[in-house]
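Have a look at the structure below, then the notes.
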Amino acid sequence: MAGAGISGKNACRLLLEKGVKAVLYDGNTGLSEPEIRNELGNPDGFSVVLGDLKAETLAQAELCVISPGI
């Protein structure tokens, strides 16, 4: 999931509810990973990437969902 705003977090929440292993990415390093995790209920199978998105992380993705706010 690209974009950790309201729409991005809600889309990520839906994916997690469906059992999808999700990565929530946002280029904004001013965001707080622990705060984002808490907002989503600290789910298993979930990670947050802030700042640079590494090629290795992107290469593992089967599907990318782009938040409409980006």
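The values are calculated or read from the model by the stated rules, or taken from the named source; none is laboratory data. Since we're looking at a predicted model, the values are computed, not measured. As a convention, Cβ positions derive from the backbone with ideal geometry for all residues, glycine included, and neighbour counts pool all protein chains shown. Surface accessibility is based on the protein's heavy atoms, side chains included, excluding ligands, DNA and RNA. Shrake-Rupley method; radii C 1.70, N 1.55, O 1.52, S 1.80 Å.
So that you can scan it fast, the table gives a plain yes or no per residue for (1) of a type in the set (D, E, K, R); (2) touching a helix residue (DSSP H, G or I) at 6+ places or on another chain (Cβ under 9 Å):
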residue	(1), (2)
Ala4	no, yes
Gly8	no, no
Leu16	no, no
Val23	no, yes
Gly27	no, no
Leu31	no, no
Glu39	yes, yes
Pro43	no, yes
Phe46	no, yes
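For the stretch 20-51, taking the residues that are acidic (Asp, Glu) and touching a residue at least 12 places away in the same chain (Cβ under 8 Å), the one that is least open to solvent (accessible area, probe 1.4 Å) is identified as Asp26.
Return a yes/no flag: does the stretch 1-24 have any residue that is assigned to a strand (DSSP E or B), modelled with pLDDT of 90 or more and in contact with a Ser or Thr (Cβ under 7 Å, 6 or more places away or on another chain). Yes, because at least one residue in the stretch 1-24 is assigned to a strand (DSSP E or B), modelled with pLDDT of 90 or more and in contact with a Ser or Thr (Cβ under 7 Å, 6 or more places away or on another chain).
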